[in-house]
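For reference, the structure is listed below as structure tokens.
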Amino acid sequence: MERYEKFIEQWHEEEKLAMEGWNFAHINDRYTEETDLPWDYEQIIHQFLRNDHRLLDIDTGGGEFLLGLGHPGKLTSATENYEVNIAVCQKRLLPENIDFKLADPKVYLPFADDHFDIVINRHGDYHEKEIYRVLKKGGYFISEQVGAQNDRDLIAKLYKEIPHVAFPAQNLADASQRLQTQGFNIIMQKEAFRPIKFFDVGALVWFAKVLPWEFCNFTVDAHLQELISLQKELEQKGMIEGTIHRYIMVAQKI
């Protein structure tokens, strides 16, 4: 145990750190994921988005991705419901003339019927009925989602008793069916399982702390033996590898 003391100290420091907005810059050079998805979410959006379109980004995180699209602020709206991100959105988006609103997208979107040309959502919640309501006829819903099997092999490495899948209906078949039932036409859909790699255990600790719906009740102290085992695995293999689950859909209101 003594030779792991410096690592344990680092792991405790990592679990104290919070994330601002919704980006993983803190561990950017210490892990990789989504480097080889068989699609480019941003590129797909630009295939459909015109400069005169009204755009809504649901569950925008800290607005990082939305701002990167470079769409005119006066034609852009965004919502967020995660408490730690709200102040970040207000600071970043309002000065850009973006219409930002606090909203739970699974309940209600505070916008008029038939208002948007495109609604986008990356890794966030949504309600098919509300998406359909706020989109203009012929408008597009573009969503990339984290699937139910995301990180399950990493979770298995950290828990003696593996937690149940939090959102079992998060898969392409079910999500696509729900949109079609609402009245959408699915014009593109793909699903992928790809590697995620960590190059130090501290990065995985931070990652687990910011994803409590996946890594339930995770703490360094409660999972210390598993973390030490992962440190040994890292020293042997040079990385800790798991699997991400992603899917993407482009749906049109008909």
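Find out how many positive minus negative residues lie around ALA192, taking Lys and Arg as positive, Asp and Glu as negative, among other residues whose Cβ is under 11 Å from that of ALA192.
My count for the surroundings of ALA192 gives -1.
If you take every DSSP beta bridge whose two residues both sit in the chain, what share of them, in percent to the nearest 5, is antiparallel?
60 percent
Connecting C-alpha atoms closer than 10 Å in a GNM of the chain, tell me which of GLY202, GLY70, GLY183 has the biggest fluctuation.
GLY70
Hey, in the GNM for the chain with a 10 angstrom Cα cutoff, which one of TYR132, TYR82, TYR108 fluctuates hardest?
Fluctuation is largest for TYR108.
If each residue of separation counts as 0.36 nm, what is the full-extension length gain between GLU83 and THR243 once their alpha-carbon separation is subtracted?
Extra length from GLU83 to THR243 when fully extended: 54.8 nm.
Over 30 Å between Cα atoms: which of LYS106/LYS136; LYS160/LYS237; LYS74/LYS197; LYS160/LYS190; LYS190/LYS232; LYS91/LYS209 fall into that group?
LYS74/LYS197; LYS160/LYS190; LYS190/LYS232
So if I take the centroid of the Cα atoms in the range 82-107 and the same for the range 128-161, what is the distance between those two points in Å?
20 Å
With semi-axes √(5λ) of the Cα gyration tensor in Å in mind, check (1) 36, 20, 15; (2) 29, 21, 17; (3) 34, 23, 19 and report the label derived from this structure.
It is the value labelled (1).
Could you tell me which chymotrypsin sites (Phe, Trp or Tyr not before Pro) in the range 170-254 are loop residues by DSSP with no more than 12 other beta carbons within 10 angstrom of their beta carbon?
Taking the range 170-254 and a limit of 12 other Cβ atoms within 10 Å, the loop chymotrypsin sites (Phe, Trp or Tyr not before Pro) found are TRP213.
Residue by residue through the range 55-64, which ³J(HN,Hα) values in whole Hz follow from phi under the Karplus form 6.51 cos²θ - 1.76 cosθ + 1.60 (θ = phi - 60°), with glycine and proline marked x?
Values per residue, Gly and Pro as x: 10, 10, 10, 8, 6, 6, x, x, x, 4 Hz.
Enumerate the calculated ³J(HN,Hα) couplings along the range 107-121 in order (Karplus 6.51 cos²θ - 1.76 cosθ + 1.60, θ = phi - 60°), each rounded to whole Hz, writing x wherever the residue is Gly or Pro.
For the range 107-121, the Karplus curve yields 10, 7, 9, x, 9, 5, 4, 6, 9, 10, 7, 9, 10, 10, 7 Hz.
Positive end of the dipole of the chain, charges at C-beta (+1 Lys, Arg; -1 Asp, Glu), about the Cα centre: which of GLN149, ALA112, ASN217 has its Cα farthest in that direction?
ALA112
What are the trypsin sites (Lys or Arg not before Pro) within the range 133-209 that DSSP puts in a loop, where the Cβ has at most 12 other Cβ atoms within 10 Å?
LYS160
For the range 191-233, what class follows from the C-alpha gyration tensor (a ≥ b ≥ c being the square roots of its eigenvalues): rounded when a/c is under 1.5, otherwise prolate if a/b is larger than b/c, else oblate?
Taking the square roots of the gyration eigenvalues as a ≥ b ≥ c, the range 191-233 is oblate.
Computed from the coordinates by the stated procedures, all read-outs in this text should not be read as laboratory data. Nothing here was measured: the structure is a model prediction, and the numbers come from that model. Note that we place each Cβ from the backbone using ideal geometry, even for glycine, and neighbour counts take in every protein chain shown.
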